[in-house]
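Read through the structure below, which is laid out as structure tokens, and then see the notes.
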Amino acid sequence: MTTPRGDHDTAHTIAEMTAHYRDPALEPQNRPFALLYLRTTEGMRDANAAGEFSAPEFWDHSVIPTFADYYLDAYAAWRQGRSAEVDPAWRLAFGAAPARLACTQLIYLGISAHINNDLALMIEDMGAAYTYPDHKHVDDVLAHRTRPTVYPEIQRDLCPGLFAETVPPTADTAIFAWRERAWHNGQALLAAADDRPARDAIVTEIRAHAQAKATEILHWNA
């Protein structure tokens, strides 16, 4: 479980993610999602600054940076060879073979791991202060602030053939279904706070589901 750090805020997170994306050693398979997530975090910053969430300070200092920590910490562990600390969905994403996969697959491996593996755990970290209306509003940020700008940038800078790639027709709507599932899993984790075996069983199921989705994405074009 990631613990929110008191010295962390969205600006610091964006600086970290910018350095991560610009790192010359960042592997080709990990660049598209790194750019996507950087721009998504910037979109979340802008939406929060515009008053679109119910508790701007909470989102600035807890929600946005804590969620990013799950990704950045997992990548750091993978990069340093501490694979046992990296959940299976992230191992599949970080170690994907870019020569054999479409760019969209690389992007969705990251999206799926972060939503299916991490989001419920972040919701558990945040507790009751993280509300369902705010959770749903993130869907609007993703659809209207992030996607229209970041995919053209990925196409321009990283994946020239991005918009010609074939993906399942349900790929985009799956993201919102995954986010809804994560909400319910987060609530189940909170309800099991005093029952460690029950909580551990939920986490095991979350990680297995995330791994299964990663495997599906790897076989999109098989």
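Provide D195, D125 in ascending order of the number of other Cβ atoms located within 10 Å of each residue's Cβ, fewest first.
So the ranking, lowest neighbour count to highest, is D195, D125.
Go through 148-159, 65-76 and give me the packing order, highest mean Cβ count within 10 Å leading.
Taking the mean over residues of other Cβ atoms within 10 Å, the ranking is 65-76, 148-159.
Are there trypsin sites (Lys or Arg not before Pro) in the range 1-101 that DSSP puts in a loop and that have at most 11 other Cβ atoms within 10 Å, and which ones?
Counting only loop positions with at most 11 other Cβ atoms within 10 Å, the trypsin sites (Lys or Arg not before Pro) in the range 1-101 are R82, R100.
With Rg/Rh (Cα atoms, Kirkwood Rh) as the read-out, I listed (i) 0.94; (ii) 0.96; (iii) 1.08; which label goes with the value calculated from this structure?
Recomputing Rg/Rh (Cα atoms, Kirkwood Rh) here picks out (i).
Given points 7 Å out from each Cα along the Cα-Cβ axis, report the D73 to E85 separation in nanometres with one decimal.
Result for the modelled spin labels: 0.9 nm.
Read-outs: derived from the displayed coordinates by stated rules, not from any lab. Since we're looking at a predicted model, the values are computed, not measured. We place every Cβ from the backbone using ideal geometry, glycine too, and count neighbours over all the protein chains shown.
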